[in-house]
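Laboratory data are not the source of any read-out in this text; all were calculated from the coordinates shown. Everything quoted here is computed from the prediction, not taken from an experiment. So basically every Cβ, Gly included, is an ideal-geometry build from the backbone, and we count neighbours across all protein chains shown.
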Amino acid sequence: MTSLFDLRVPQRIVFCVATCCLLTLLIVSESLAQVDTFEFDTIEQQQRFRQLSNELRCPQCQNANLTGSTGGIAEDLRREVHRMIMEGMTNEEIEQFMFERYGDFIFYRPRLRAETILLWFGPLIFLIIGGFVAYSISRRASNVPDADIELDSSQQARLKEILGPDQS
């Protein structure tokens, strides 16, 4: 006789219920995700917005652009970029505004300036220095003579002592 509270339920039913619960959670979390919708007068404005949002870094999220970031600052900056585009500002003016507010960090490709010279050319400089070091080590190694090393009698005695009587 089976009771209503019998805990032996087929595994297929447990798997189906667990899968339905997980899918429900995913659907609910997807529906709660925030989506920014901006109205543009022209397609060119929309393309500029997408380009700027992809090129500008979120100050809060470290390595995410404004498009891919869900941070509050990114939302504010997307609204700000939209407002500036709708006011007729050029991309250069918008980038200058962002630079003045956040510095070089806001750009994925920082501007070439005195402060960013090492950032732009540092890897090349280190590669050249590494090549020079490798070349000089190689030159010094090739200058070492391959002559046989002569041992004096005390060194030969010590070597025989270390190797044992069977080695000669």
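Which net charge results when you count Lys and Arg as +1 and Asp and Glu as -1 among the other residues whose beta-carbon is under 11 Å from that of residue 87?
Around residue 87, the surrounding residues sum to -1.
Of the peptides 116-123, 61-68, the ranking by mean beta-carbon count within 10 Å, highest at the top, reads 61-68, 116-123.
Cβ under 14 Å from residue 104's Cβ, residue 104 left aside: what net charge do those residues give with Lys, Arg +1 and Asp, Glu -1? Before the final figure, lay out each step's value.
Values: positive: 57, 101, 109, 111, 113; negative: 55, 95, 100, 115.
Result for the local shell: +1.
Based only on other Cβ atoms within 10 Å, what is the fewest-to-most ordering of 70, 37?
Working: 70 12, 37 4.
In increasing order of surrounding Cβ atoms, one gets 37, 70.
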